[in-house]
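Novice: Below you'll find the structure I mean.
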Amino acid sequence: LAALSFWLRYASELPAERHDGKTRHDPDYIVNGAILRKLDPAGALQYTLVAREIRHYPDTDTIDFTEPRLQQFHPTRPTVTVRAGQGQSSGRGQRIELTNTVEVRRAATRSAGELIVETPELTVLTDEGRAFTKSKILIRQDKSSVEAVGMQFDNQSQTYLLESQVSGRIDSPSSRKK
């Protein structure tokens with residue numbers, strides 16, 4: 001009976017509330033007008049992240065971005081720029097979750113005009129040069145437009161995989177000559 005009473009008392013005690021601030025979700029630093037750059041091992045610029053404000057939270061090791069703009073660079077491919085109202089990433093920035101009206105712009109090439117993708121949210125895997133969403137998207141290029149639900153983008157191969165409910169209008173260069 002004594003052992004049962006001891007166990008019941010031990011099991012029913014609440015842990016002591018901490019007052020050292022370690023359980024709060026407060027930023028340990030805030031940076032306004034931030035510019036972050038990532039270089040490859042040879043020193044070439046891979047991407048730049050600009051944000052109106054950055055807040056780092058040590059309890060979750062996450063970073064919140066206000067009005068982030070991410071630009072990915074490659075010496076032989078068009079620059080890709082991604083903008084959003086809000087963003088959040090892990091402490092190392094390998095995965096960035098963008099929300100609040102996301103816009104992706106791939107610069108024009110000699111053979112094709114600027115490509116614009118609009119979606120409410122987008123996940124960017126910076127080290128892999130890939131992005132994806134399960135949300136509705138709109139892609140526009142020149143006079144062509146395509147709508148779909150869900151997309152996977154690979155910056156290395158410059159491909160877009162549309163997952164479902166795809167519809168659109170493709171303007172053919174040969175049809176413009178007629």
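The values are calculated or read from the model by the stated rules, or taken from the named source; none is laboratory data. This is a predicted model, so every value here is computed, not measured. So basically every Cβ, Gly included, is an ideal-geometry build from the backbone, and we count neighbours across all protein chains shown. With ligands, DNA and RNA removed, areas are computed over all heavy atoms of the protein, side chains included. Shrake-Rupley method; radii C 1.70, N 1.55, O 1.52, S 1.80 Å.
Novice: So what's Rg/Rh here for segment 35-178, counting alpha carbon atoms and using the Kirkwood radius for Rh?
Specialist: Looking at segment 35-178, the ratio lands at 1.01.
Novice: Could you tell me the relative contact order of segment 62-128? Use alpha-carbon pairs under 8 Å, at least six residues apart, and round to a whole percent.
Specialist: 27 percent
Novice: With every protein chain left in place, what is the accessible area per residue of segment 11-153 in square angstrom, probe 1.4 Å?
Specialist: 59 Å²
Novice: Is segment 67-119 rounded, prolate or oblate when judged by the Cα gyration tensor, a ≥ b ≥ c being the square roots of its eigenvalues, rounded requiring a/c under 1.5 and prolate requiring a/b larger than b/c?
Specialist: oblate
Novice: In addition: May I ask you to derive the relative contact order of segment 82-178, considering only C-alpha pairs under 8 Å and at least 6 residues apart, and to give it as an integer percent?
Specialist: Dividing the mean separation by the residue count of segment 82-178 yields 18 percent.
Novice: Considering only the other residues whose Cβ falls under 9 Å of the Cβ of Ser144, what net charge follows from Lys and Arg at +1 and Asp and Glu at -1?
Specialist: +1
Novice: Carbon and sulfur atoms: what percent of the 1.4 Å accessible area of segment 71-129 do they account for?
Specialist: 45 percent
Novice: Could you sort 111-117, 82-88 so that the peptide with the highest average Cβ count within 10 Å comes first and the rest follow in order?
Specialist: Listed from highest to lowest mean packing, they are 82-88, 111-117.
Novice: Using the Kirkwood radius built from alpha carbon pairs, what does the Stokes-Einstein equation give as D for segment 35-90 at 10 °C and 1.306 mPa s, in µm² per second?
Specialist: 130 µm²/s
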